[in-house]
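Presented below is the structure to which this report refers.
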Amino acid sequence: MKILLINVPHIAIGSRIPREQLPPLGLLCIGGPLIDNGHQVKLLDGEFGPTSADEIAKQTVAFQPDAILMGHSGSTSAQPIIEHISKIISVELPNTFFILGGVFPTYHSEIILAENEHIDIIVRGEAEETIQILMHALEKNSSLVDIRGITYRNTENEIIKNLDAPIIKDLDANRIGWELMKPYKYSYWGNMPAVVVQFSRGCPYPCNYCGQSLFWKKWRYRNPQKFAAELAMLYREYGVTLINFADENPTTNKKIWKEFLLALIEEDVPLILVGSTRADNIVRDADILHLYKKAGVIRFLMGIETYDEEVQKKIKKAGTSSKDKEAIQLLRKHDIISLATYVFGFYNETDRDYYKGFKQLMSYDPDQIQMLYVTPHHWTPFNNEVLENKVIQLDQRKWDYKHQVIKTNNMKPWRVLLWVKMIEVLLQMRPKAIFRSLFHKDAGFRHGMKWYYRMGRRVWFHEVFNFFFIEKRTLIGPKVKDFWKLKKKKTKCMSSKDFGPDTA
Ligand code: B12
Ligand code: SF4
């Protein structure tokens, strides 16, 4: 079959501010096995440009695919964009199969199909195995009844949700379609040829606001030696120098992670690695952090999330303040940049909480910070705790952690924004942090810091300007528990007009 993989352009800052793009790993993961099964597969990456919906439609029609596969990396915030673009294309290509996958569609497959008549099938969960079975069935025009992991519309126009697919046990079994990247110049970290990779899937922790551990179900990992060899191949054959880990927690198992680090050191390739992990893993690995550095790790992001140990317990973060601080110090000792994320909006904070959060971050002294707003993803336990809270951001494209989504009872959104923006400035403009970006002995460290300052400056002004002059929000929106029901009725992305004037 002729298959087109489409990565849609996002409006989120992660896509628009850096002026460079990373490859959509999810689509490459399904593209590889499909190529090996004999299908003709092409990637259209709309993030470049960004490409307009009409241009994407034009290029798609020119390719005349039998099936269009659209996926998510920004997930929730990408869904309205996917629905919009796929609808335009479907007018021109009524006989093409429209198939979606990714985190958000996995949990909303029936709603999406009910609202979008042109979308035919949704693949739920990890898709490398399911997509091969599905494309084979579509090619042979055979029944979809027994294909696990899909939701589809049958010939009677009923929406059928088949059983979940089993998790993939061997993560090395399916090849990633790296060759699909060839038409595009992917880069990150200041124009370094870059890819996104996944050493492991899943997370063994139960943080109540995070859907990732639920999506992958169980923590699994790739063969450390094969994985290191693949990274070396990416350097040698594709000139890749920057590796961005998609893993939730690649360091979960110390022994396995150490094996990978040693295997990569053995490959002797000058790669730079950035990723996310947990602070307690860094503390646990104090004796092997020199191997992290030797293998090329330049930055780890760690979720600090809150100053308040009570909230930490409530959200089931299972971390401690002392470990967070120690992890940052340990990384610094090994010339590895620490990026601390901090989440606002968990439980009706007051000025005092913001001040305490700020003080705590100052005392931790991270090299970089990222301030986020808690987002009630439908499928997370946190969502059930805030069902009665009001939604102030009705545009789903902005459910991206960088917009306040739920109302905090004690503060107006402008006040929350001022706190967040002030904390960012005060932390990033500390003489200590600036000094490190200019005079740190490690050139890679300096480069990473300068790149982040450049990006941060753009993000900061973009967010403040958009908040006051462009974006809309409402203080009289629906409750969280009603948001998706209302959305379903409206059929298209709601605007604040649906709930009265912008009163924020
Ligand atoms: C790398 C990454 C990025 C990169 C994206 C680069 C790119 N071109 O994809 C960058 C830095 C640009 C980025 C930006 C953003 N990101 Co991001 N990102 C990630 C990260 C770390 C990895 C994504 C990934 O590659 N996963 C690995 C692949 C293999 O998994 P996958 O994409 O889910 O694909 C599998 C299945 O879902 C399915 N599948 C996926 N697509 C399709 C399509 C079809 C047709 C089928 C059949 C199956 C299928 O099959 C795949 C293989 O099994 C995840 C966290 C994570 N660990 O997943 C966050 C994550 C996806 N990002 C997130 C967010 C919020 C954003 C931003 C909105 C942030 C912002 N405010 O700017 C933006 C959105 C823009 C964008 N382009 O996505 C959230 C999404 C939350 C949600 N559920 O809505 C995540 C989950 C982080 C988190 N912890 O919550 N991101
Ligand atoms: S926030 Fe991090 S540690 Fe917690 S469940 Fe999500 S990925 Fe795991």
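Residues in segment 218-246 that are of a type in the set (A, V, I, L, M) and either surrounded by fewer than 20 Cβ atoms within 10 Å (Cβ to Cβ) or more than 13 Å from TRP178 (Cβ to Cβ) (or both): ALA228, ALA229, ALA232, MET233, LEU242, ALA246. Considering only segment 239-248, I want to know if a residue exists there that is at pLDDT 95 or above and assigned to a helix (DSSP H, G or I). Checked against the condition, which is being at pLDDT 95 or above and assigned to a helix (DSSP H, G or I), segment 239-248 yields no hits at all.
Of the residues that sit in segment 96-116 and are touching a residue at least 40 places away in the same chain (Cβ under 8 Å) and in a loop (DSSP other than H, G, I, E, B), which one is farthest from LEU27 (Cα to Cα)? Checked segment 96-116; the qualifying residue farthest from LEU27 (Cα to Cα) is HIS108.
Being touching a Leu at 6+ places or on another chain (Cβ under 8 Å) and either under 16 Å from THR474 (Cα atoms) or small (Gly, Ala, Ser) (or both) is true for just one of LYS390, LYS402. Which residue is that? Working first, answer last.
Details: LYS402 fails: either under 16 Å from THR474 (Cα atoms) or small (Gly, Ala, Ser) (or both).
Criteria check complete, one pass: LYS390.
Applying the criterion of being in a loop (DSSP other than H, G, I, E, B) and among the aromatic types (Phe, Trp, Tyr) to the residues of segment 382-422, the residue that is nearest to ligand 2 (Cβ to nearest atom) is TYR401. The set of residues from segment 351-388 being within 27 Å of ASP335 (Cβ to Cβ), of a type in the set (Ser, Thr, Tyr) and within 26 Å of the chain's Cα centre (by Cα) comprises just one member, TYR364. The residue list SER200, SER213 contains one member that is buried (at least 22 other Cβ atoms within 10 Å of the Cβ), small (Gly, Ala, Ser) and touching a Pro at 6+ places or on another chain (Cβ under 7 Å), which is SER200. Exactly one residue out of GLY38, GLY49 is of a type in the set (Gly, Ala, Ser), surrounded by fewer than 18 Cβ atoms within 10 Å (Cβ to Cβ) and farther than 22 Å from ILE176 by Cα: that is GLY49. Within segment 64-72, does at least one residue satisfy the condition of being modelled with pLDDT under 95, more than 16 Å from ligand 2 (Cβ to nearest atom) and surrounded by 21 or more Cβ atoms within 10 Å (Cβ to Cβ)? Yes - at least one qualifying residue is present in segment 64-72. Restricting the search to helices (runs of 4 or more DSSP H) fully inside segment 250-298 and requiring at least 3 residues that are buried (at least 23 other Cβ atoms within 10 Å of the Cβ) gives 254-267.
Segment 1-95 holds helices (runs of 4 or more DSSP H) entirely within its bounds, and those carrying 2 or more residues that are more than 9 Å from ligand 1 (Cβ to nearest atom) map to 25-36, 53-63, 79-92. Among the residues of segment 73-122, those that are hydrophobic (A, V, I, L, M, F, W, C) and under 16 Å from LEU4 (Cα atoms) comprise ILE82, ILE85, ILE88, ILE89, LEU93, PHE97, PHE98, ILE99, LEU100, ILE119, ILE121, ILE122. The listed residues are ILE160, ILE168, ILE119, ILE176, and the only one of them that is aliphatic (A, V, I, L, M), in a loop (DSSP other than H, G, I, E, B) and more than 20 Å from LEU28 (Cβ to Cβ) turns out to be ILE119.
Figure legend. Inter-residue proximity from segment 242-263: first residues more than 11 Å from GLY275 (Cβ to Cβ), second residues within 16 Å of ligand 2 (Cβ to nearest atom) and hydrophobic (A, V, I, L, M, F, W, C), beta-carbon distance below 6 Å, spacing 6+ or different chains. Indicated pairs: THR252/TRP219.
Which residue is modelled with the lowest pLDDT, if the candidates are limited to segment 313-330 and must be in contact with a Ser or Thr (Cβ under 8 Å, 6 or more places away or on another chain) and within 17 Å of TYR205 (Cβ to Cβ)?
Looking only at segment 313-330, we keep the residues that are in contact with a Ser or Thr (Cβ under 8 Å, 6 or more places away or on another chain), and these are 315, 317, 325, 327-328.
The next check asks that each one be within 17 Å of TYR205 (Cβ to Cβ); those that pass are 315, 317, 327.
Numbers: ILE315: 79, LYS317: 73, ALA327: 97.
Applying the filter and picking the extreme gives LYS317.
Taken as a whole, the structure places VAL103 among residues that are within 16 Å of ligand 2 (Cβ to nearest atom) and not polar (S, T, N, Q). Checking GLU388, GLU463 one by one, the residue that is surrounded by fewer than 16 Cβ atoms within 10 Å (Cβ to Cβ) and in contact (Cβ under 8 Å) with a residue 40 or more places away in the chain is GLU388 and no other.
The values are calculated or read from the model by the stated rules, or taken from the named source; none is laboratory data. Just so you know, these numbers come straight off a predicted model, no measurement behind them. Cβ coordinates were reconstructed from backbone atoms using ideal geometry, including for glycine residues, and neighbour counts include every protein chain displayed.
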